[in-house]
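Below: one structure, written as structure tokens.
The values are calculated or read from the model by the stated rules, or taken from the named source; none is laboratory data. Not measured: the values here are computed from a predicted model. Heads up, the Cβs are rebuilt from the backbone with ideal geometry, glycines too, and the neighbour counts pull from every protein chain shown.
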Amino acid sequence: MRSPISPGLLILHGNQMELLRAAVFDWLRANPLGPLEEEIILVQSNGVAEWLKIALAEELGVCAATRVALPARFQWEAYRGMLGPERVPRRSPFDKDALTWRLMRLLPELLAKEQFAPLRHFLSDGDPERRLQLAERLSDLYDQYQVYRADWLTDWAEGHDQLRRPGGAGLNSSVPLAPDQCWQAQLWREIHESLPPERRWSGRATIHQQFMAAVEDERQPAQRLPRRVVLFGMSTLPYQTIEAMAGLSRYTQVLLAVPNPCQYHWGDIIEGRELLTAAYRRHQSRNGSNLADVPV
């Protein structure tokens, strides 16, 4: 019989990583998963992952059936678990690795076009290592666009060479791309056209929208989702990831362990007026008057 793990979002704050780690371990110990279930912990770097696995082994005696990973890969697995493998491929054609090699093939063919004149000088010597370097930089750039500015990519794919302003929607809240940057929009369209029609809209942004629609639909059954996921020690997260985790918490227990940027425990910090009064008291009396008694 499986132990009860209630879905929902639980947020822990801590001003020291060691204390935050101890709070997470206490929660895992008090609410264990089944013997054959995998504990999933998401972290911001590989260094934190190794530190956490060593600490988990020291604290519990063994680190087994535990996957410590980066958020992006798990997020794609959650999309696949919610929407099903028939709607979400195992790997997106817009992943960085796949996109790098696609760009390696496309770039020589595109340099003859006038829109790609800004790239022509960089690749003029025909050196394949320079082409690989550029392909890697571009794939990383488009990967970040998929996370942070998916609206730009949507507009570019539809033929609009523009940049939406923050919080804007529609053509009237956008600015045109600078002439020397229009090649980015054209290159994104070339990438789309190089794919089979059924795979052109399997990028992260599109799948994310479908995932969010599915979690809002109470009639949509979750096909394959973990019962718990822990996000540990992340000081910043893309809005897309925050939105996905909030939606996932309808079906999964999401434990968010957040470090705060304060050297003190927030509960020990005195109120602002008391702090101001204490500062006044450090000054000598002026004209026989205590500055701490001056109204503020």
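Identify the residue in region 217-239 that is closer than 24 Å to Pro166 by Cβ and not hydrophobic (A, V, I, L, M, F, W, C) and, among all such residues, is modelled with the lowest pLDDT.
Here the answer is Ser235.
I'm told Leu153 meets every condition in (1) in a helix (DSSP H, G or I); (2) surrounded by fewer than 19 Cβ atoms within 10 Å (Cβ to Cβ); (3) among the hydrophobic types (A, V, I, L, M, F, W, C) except one. Can you identify the failing condition by its number?
(2)
Given the conditions (1) under 17 Å from Ser235 (Cα atoms); (2) touching a Phe, Trp or Tyr at 6+ places or on another chain (Cβ under 7 Å), and given that Ile40 satisfies all but one, which numbered condition is not satisfied?
For Ile40, the exception is condition (1).
How many residues, within region 70-88, are surrounded by fewer than 17 Cβ atoms within 10 Å (Cβ to Cβ) and either assigned by TED's automatic domain parsing to the domain that holds Asp180 or farther than 20 Å from Asp143 by Cα (or both)?
4
Within region 47-54, identify whether any single residue is at pLDDT 90 or above, in contact with a Cys (Cβ under 7 Å, 6 or more places away or on another chain) and not hydroxyl-bearing (Ser, Thr, Tyr), and answer yes or no.
Yes; the residues of region 47-54 include at least one that is at pLDDT 90 or above, in contact with a Cys (Cβ under 7 Å, 6 or more places away or on another chain) and not hydroxyl-bearing (Ser, Thr, Tyr).
Could you list all residues from region 76-102 that are in contact with an Asp or Glu (Cβ under 9 Å, 6 or more places away or on another chain) and more than 16 Å from Arg199 (Cβ to Cβ)?
Lys96, Thr100
May I ask you to say which residue of Leu141, Leu123, Leu103, Leu56 is in contact (Cβ under 8 Å) with a residue 60 or more places away in the chain and of a type in the set (A, V, I, L, M, F, W, C)?
From the options Leu141, Leu123, Leu103, Leu56, the qualifying one is Leu103.
Just to check your reading of the model, which residue among Ser92, Ser45 is out of contact with any strand residue (DSSP E or B) (no Cβ under 8 Å at 6 or more places or on another chain), surrounded by 14 or more Cβ atoms within 10 Å (Cβ to Cβ) and closer than 29 Å to Ile207 by Cα? Break it down into steps so the answer makes sense when it comes.
Numbers: Ser45 fails: surrounded by 14 or more Cβ atoms within 10 Å (Cβ to Cβ).
Among Ser92, Ser45, only Ser92 is out of contact with any strand residue (DSSP E or B) (no Cβ under 8 Å at 6 or more places or on another chain), surrounded by 14 or more Cβ atoms within 10 Å (Cβ to Cβ) and closer than 29 Å to Ile207 by Cα.
Residue by residue, here is whether (1) in contact (Cβ under 8 Å) with a residue 12 or more places away in the chain; (2) under 22 Å from Met245 (Cα atoms); (3) small (Gly, Ala, Ser) holds:
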site	(1), (2), (3)
Ser6	yes, yes, yes
Gly14	yes, yes, yes
Glu18	no, no, no
Arg21	yes, yes, no
Phe25	yes, yes, no
Ala30	no, no, yes
Ile40	yes, yes, no
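For region 19-43, enumerate the residues that are under 21 Å from the mean Cα position of the chain (by Cα) and not in a helix (DSSP H, G or I).
Selection gives Glu39, Ile40, Ile41, Leu42, Val43.
Name the pairs whose Cβ atoms lie under 9 Å apart, with the first residue in region 179-194 and in the same structural domain as Pro118 (by TED's automatic domain parsing) and part of a helix (DSSP H, G or I), the second of a type in the set (Lys, Arg) and crowded, with 17+ Cβ neighbours inside 10 Å, and 6 or more positions between them or separate chains?
Cβ pairs passing all conditions: Ile191/Arg102.
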